[in-house]
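Student: Okay, here's the structure, questions in a sec.
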Amino acid sequence: MKIAISADGADLNARVAQRFGTSKYLVVIDLDSGDFEAVPNPAASGQRGAGMQAVVLAISKDVKAVLTGYCGPAAQNQLTSNGIEVISGLSGTVEELVERYKKGVLQKQAETEAEHGAKGRRIDRVILLHAAKSSARQFASLLPILISVVLLIGLFNAFVSKEFLASVFSGNPVLDTLWGACFGSILAGNPINSYVIGGELLKYGVSLFAVTALIITWVTVGLVQLPAEIAALGGKFALVRNAVSFVLFIAVAILTVVVFNLITG
Amino acid sequence: VSLLKQDKQQKTVGKTRAVRTFLFPALVLITYGILFAIMPGKTSIALKSSGSIFLKILMPLGLVFVVMLVLNLFLKPAQIVKFLGSGAGIKGTVLSATAGIISAGPIYAWYPLLKDLRQKGAANSFPAIFLGNRAVKPFLLPVMISYFGWIYVVVLTVFTILGSIVVGYLVGALVKVKDVLPSHHSSAGE
């Protein structure tokens with residue numbers, strides 16, 4: 001059985017870290033063999049989502065318990081829902097904590113705390129607050145671009161003639177779909193923008209084929225993100241994935257509209 | 001030293017992202033300013049037109065927030081991540097697709113995780129399935145339905161999921177795991 005201790009250093013004499021999410025190391029100890037491994041925490045610098053990265057790290061190491069100074073409610077919730085026991089409020093060195101854990105002292109302390117039901121109720125409220133905060137942040141982050149896109153569509157409505165659009169989207173389903181896919185592959189960002197742009201384009205008489213291709217490729221093909229995708233997943237993977245997606249999702253767009261037309265008559 | 005380097009890199013990425021987020025709104029506002037000075041009449045029409053689009057998406061946007069809140073409360077992407085690396089065959093496919101659908105936030109936040117999965121030996125098809133399924137956004141459905149109707153949204157969603165899986169398997173067949181070893185090697189120094 002393995003346990004993880006958030007620590008300030010990479011050995012057994014290191015002190016337990018005050019915060020789980022931003023600790024420098026997670027020292028993973030195999031209680032049966034006595035072997036240990038100090039894994040650097042990629043989120044030690046404390047950027048947004050640090051807690052979640054440390055959670056993923058703990059889960060990937062297949063530990064049964066996490067021992068730490070303090071663990072935020074969201075991270076604690078994720079850990080416990082993955083079957084990992086969290087014991088917090090601890091201090092001392094890694095070695096001391098391992099000994100106390102082996103003797104069962106820490107587990108008893110955790111059980112006593114859990115019996116105080118008030119703590120559980122408080123955490124529920126904290127989790128709700130956390131979810132509300134992160135939803136507000138997610139929501140707020142999509143607004144600047146969305147508002148700008150809507151303002152731009154306003155300009156488009158006032159200044160660009162229908163004749164101009166008709167010259168780009170000729171009414172030929174195959175060509176229009178190809179154009180839609182090209183725009184969708186170049187443009188990027190939150191897909192909500194593609195729905196608004198697509199919806200407004202429909203009013204201009206642009207075919208649903210083109211709009212569907214635009215919406216699908218907006219996310220699935222990303223020329224803007226290509227350098228980042230190449231850096232993370234390799235050049236061949238990124239290029240093949242984008243090329244295959246471009247071709248296949250044009251087919252998906254055509255199929256979607258054909259089936260939609262069949263259903264709605 | 002590597003942690004310091006990583007910290008510095010993350011700060012640079014954060015700054016670039018902030019510039020990218022506000023560059024576009026700033027350009028749009030500047031354009032409005034210039035056009036208003038030259039053609040106030042037409043620019044007012046543009047503003048009114050934008051206003052009516054806002055009114056149209058206001059209600060669906062409210063719903064977007066509610067759905068986001070519910071998803072944040074009950075979905076646990078980390079739980080899925082636990083199985084992503086180990087899952088194979090149909091199980092891995094379903095998990096990758098589900099993780100793609102429920103994953104929120106900008107794609108840049110997810111690349112490190114996909115890279116990690118890859119280095120643990122996950123098949124190439126799974127990151128591809130994940131990336132394709134990011135096109136399915138449950139919390140944005142209210143806006144999509146308000147524009148296109150629910151029948152279209154259902155058909156599009158089903159075909160997007162199926163299409164993503166096909167793309168995933170094609171990428172898995174075309175790109176062998178050995179092809180990505182160089183990227184593994186270069187990342188070791190980070």
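Student: Need pairs with beta-carbon distance below 9 Å; first residue surrounded by fewer than 19 Cβ atoms within 10 Å (Cβ to Cβ) and among the β-branched types (Val, Ile, Thr) and within segment A:30-46, second at pLDDT below 85 and not in a strand (DSSP E or B); sequence gap 6+ or separate chains.
Tutor: Filtered contacts from segment A:30-46: A:Val39/A:Leu57; A:Val39/A:Lys61.
Student: Might you check whether a residue that is crowded, with 20+ Cβ neighbours inside 10 Å, farther than 27 Å from B:Met59 by Cβ and at the interface with another protein chain (Cβ under 7 Å from one of its Cβ atoms) occurs anywhere in segment B:143-150?
Tutor: no
So that you can scan it fast, the table gives a plain yes or no per residue for (1) aliphatic (A, V, I, L, M); (2) within 12 Å of chain B (Cβ to nearest Cβ):
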position: A:Asn157; (1), (2): no, yes
position: A:Glu163; (1), (2): no, no
position: A:Ala166; (1), (2): yes, no
position: A:Phe169; (1), (2): no, no
position: A:Asn172; (1), (2): no, no
position: A:Ala181; (1), (2): yes, no
position: A:Asn190; (1), (2): no, yes
position: A:Val196; (1), (2): yes, yes
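Student: Something else about it: Within segment A:51-69, which residues are more than 16 Å from A:Ile3 (Cα to Cα) and not hydrophobic (A, V, I, L, M, F, W, C)?
Tutor: Answer for segment A:51-69, where residues must be more than 16 Å from A:Ile3 (Cα to Cα) and not hydrophobic (A, V, I, L, M, F, W, C): A:Gly51, A:Gln53.
Student: Here is a list: B:Ser50, B:Ser44. Which entry is surrounded by fewer than 19 Cβ atoms within 10 Å (Cβ to Cβ), at pLDDT 75 or above and either at the interface with another protein chain (Cβ under 10 Å from one of its Cβ atoms) or assigned to a helix (DSSP H, G or I) (or both)?
Tutor: One residue alone meets the criteria, B:Ser44.
Student: Can A:Pro42 be described as within 13 Å of chain B (Cβ to nearest Cβ) and more than 23 Å from B:Leu117 (Cα to Cα)?
Tutor: Considered against the rule, which asks whether it is within 13 Å of chain B (Cβ to nearest Cβ) and more than 23 Å from B:Leu117 (Cα to Cα), A:Pro42 comes out as no.
Student: Would it be correct to say that B:Ile57 is touching a Phe, Trp or Tyr at 6+ places or on another chain (Cβ under 9 Å), at pLDDT 60 or above and not aromatic (Phe, Trp, Tyr)? I'd like the intermediate steps shown before the answer.
Tutor: Details: touching a Phe, Trp or Tyr at 6+ places or on another chain (Cβ under 9 Å): yes; at pLDDT 60 or above: yes; not aromatic (Phe, Trp, Tyr): yes.
So B:Ile57 passes the test.
Student: Can you pull out the residues in segment A:63-105 that are assigned to a loop (DSSP other than H, G, I, E, B) and among the hydroxyl-bearing types (Ser, Thr, Tyr)?
Tutor: A:Thr68, A:Tyr70, A:Ser88, A:Ser91
Student: Additional query: From the residues in segment A:202-232 that are buried (at least 24 other Cβ atoms within 10 Å of the Cβ) and aliphatic (A, V, I, L, M), which one is nearest to the other protein chains (Cβ to nearest Cβ)?
Tutor: By that ranking, first place goes to A:Val219.
Student: What number of residues within segment A:116-129 are at pLDDT below 80 and closer than 22 Å to B:Val66 by Cα?
Tutor: Final tally of qualifying residues: 5.
Student: Return the residue satisfying two criteria in turn: it lies in segment A:153-168 and is closer than 9 Å to B:Ala46 by Cβ and surrounded by fewer than 20 Cβ atoms within 10 Å (Cβ to Cβ), and of such residues it is modelled with the lowest pLDDT.
Tutor: My answer is A:Asn157.
Student: All but one of (1) of a type outside the set (A, V, I, L, M); (2) within 29 Å of the chain's Cα centre (by Cα); (3) more than 7 Å from every other protein chain (Cβ to nearest Cβ) hold for B:Phe36; state the number of the condition that does not hold.
Tutor: (2)
Student: Same structure again: Out of the residues in segment A:248-265 that are more than 9 Å from every other protein chain (Cβ to nearest Cβ) and in a helix (DSSP H, G or I), which is surrounded by the fewest Cβ atoms within 10 Å (Cβ to Cβ)? I'd like the intermediate steps shown before the answer.
Tutor: First, the residues of segment A:248-265 that are more than 9 Å from every other protein chain (Cβ to nearest Cβ): A:250, A:254, A:258, A:261-262, A:265.
Then keep just the ones that are in a helix (DSSP H, G or I); that gives A:250, A:254, A:258, A:261-262.
Working: A:Ile250: 23, A:Ile254: 17, A:Val258: 13, A:Asn261: 12, A:Leu262: 9.
Of everything passing the filter in segment A:248-265, A:Leu262 is surrounded by the fewest Cβ atoms within 10 Å (Cβ to Cβ).
Student: Which residue pairs have Cβ atoms closer than 9 Å, lie 6 or more positions apart in sequence or on different chains, and pair a first residue in segment A:168-196 that is more than 19 Å from B:Thr157 (Cα to Cα) with a second residue that is of a type in the set (Asp, Glu) and at pLDDT 80 or above?
Tutor: Correct list of pairs: A:Val168/A:Asp176; A:Phe169/A:Asp176; A:Ser170/A:Asp176.
Student: Here's another thing I want to ask about it. Working only within segment A:233-247, note down all residues that are within 9 Å of chain B (Cβ to nearest Cβ) and in contact with an Asp or Glu (Cβ under 6 Å, 6 or more places away or on another chain).
Tutor: A:Lys236
Student: Please go through segment A:160-190 and give me each residue that is β-branched (Val, Ile, Thr) and under 11 Å from A:Trp218 (Cβ atoms), ordered by number.
Tutor: Within segment A:160-190, just A:Ile186 meets the criteria.
The values are calculated or read from the model by the stated rules, or taken from the named source; none is laboratory data. Note that this is a predicted model, so its numbers are computed, not measured. A quick note on method: Cβ atoms are made from the backbone with ideal geometry, for glycine too, and the neighbour counts reach across all protein chains shown.
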